Amino acid sequence: MLQNTLGHTSLGEERSEKVDDALRRHQGEAGALIPVLQEVQRSFGYISKENMAYIARALKLPLSEVYGVASFYAQFYLEPRGEHMVRVCLGTACHVRGGEKILESFAEALGIRPGETTPDKRFSLERVACLGACGLAPAAMIGEKTYGRLTPEKVTEVVREYVGPAH
């Protein structure tokens, strides 16, 4: 983090370039905040406090408004996410077929709760309303790969694919 001549913290050069590009693309648009936040998240994987403050200043919005929007929508992450996103479906079909047990199994295998990221930043675990894989219920996704007809034992095998047999 750099300090400008007024003593305010600012973003590093590479980081501010990416944010500035997003701001330029949406300059003068009504409702530019959400598209800017989406681009910043695509670039960094989450929206940091520093980026929120930078965006607020650039769009001449109160920081509380930028934070309010970023924290309201589930699509935005305010903390770094893991390299592997683990999404466990809890839609109707998955719920009826034991989706909660599958979520608990992933949480136990990874040592984190839903909404958290492992300390090594390899995995983030989240519950989702539907993966669109009802015929495979209960289902989960890691990245873009779908795993279906899961059992707690299969969850252990799936996690081993990513962390190796030592865990």
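Exactly which chymotrypsin sites (Phe, Trp or Tyr not before Pro) in region 63-116 are in a DSSP loop and have at most 12 other Cβ atoms within 10 Å? Before the final figure, lay out each step's value.
Details: sites: Y67, F72, Y73, F76, Y77, F106; in loops: Y73, F76, Y77.
Answer by residue number: Y73.
Can you tell which of L110, L37, L61 shows the greatest fluctuation in a Gaussian network model of the chain with Cα springs below 10 Å?
Evaluated over the chain, the most mobile residue of the options is L61.
What are the ³J(HN,Hα) couplings of region 82-93, residue after residue, when phi is run through the Karplus curve with 6.51, -1.76, 1.60 and θ = phi - 60°? Round to Hz, x for glycine and proline.
Residue by residue, region 82-93 yields x, 4, 10, 8, 9, 10, 9, 6, 10, x, 3, 4 Hz.
Could you tally up the Lys pairs in the chain with alpha carbons closer than 30 Å? Skip any pair fewer than 8 positions apart unless they're on separate chains.
The result is 12.
For region 47-88, what does the alpha-carbon gyration tensor say about shape, rounded, prolate or oblate, given a ≥ b ≥ c as the root eigenvalues, a/c under 1.5 as rounded, and a/b over b/c as prolate? Display every interim value, and only then the final one.
Details: a/c = 4.11, a/b = 2.14, b/c = 1.92.
Judged from the Cα gyration tensor, region 47-88 comes out prolate (a/c at least 1.5, a/b above b/c).
Apply 1/(1 + (r/R0)^6) to the Cβ-Cβ distance of D20 and T151, taking R0 = 45 Å, and write down the FRET efficiency to the nearest 0.05. Each step should come with its number before you reach the end.
On the way: r = 49 Å, r/R0 = 1.09.
It comes to 0.35.
Looking at the chain, which Cys residues are left with no other cysteine's beta carbon under 4.7 Å from theirs?
Those would be C130, C134, since no other cysteine Cβ in the chain comes under 4.7 Å of theirs.
By how many degrees, between 0 and 90 and to the nearest 10, does the Cα long axis of helix 99-110 differ from the longest principal axis of the chain?
That works out to roughly 70 degrees.
Only loop residues by DSSP count here, and only those with at most 16 other Cβ atoms within 10 Å; note down the GluC sites (Glu not before Pro) in region 61-100 that meet that. Before the final figure, lay out each step's value.
Working: sites: E65, E83, E100; in loops: E83.
Hits after loop and neighbour filter: E83.
Starting from the Cα gyration tensor of the chain, multiply each eigenvalue by 5, take the square root, and state the resulting semi-axes largest first in whole Å.
On the way: eigenvalues 275, 64, 29 Å².
Ellipsoid half-lengths, sorted descending, are 37, 18, 12 Å.
Bear in mind these aren't lab numbers, they're just calculated from the coordinates by the rules spelled out. As the structure is a computational prediction, the values presented were derived from the model and not from experiment. Cβ: placed from backbone, ideal geometry, glycine included. Neighbour counts: every protein chain shown.
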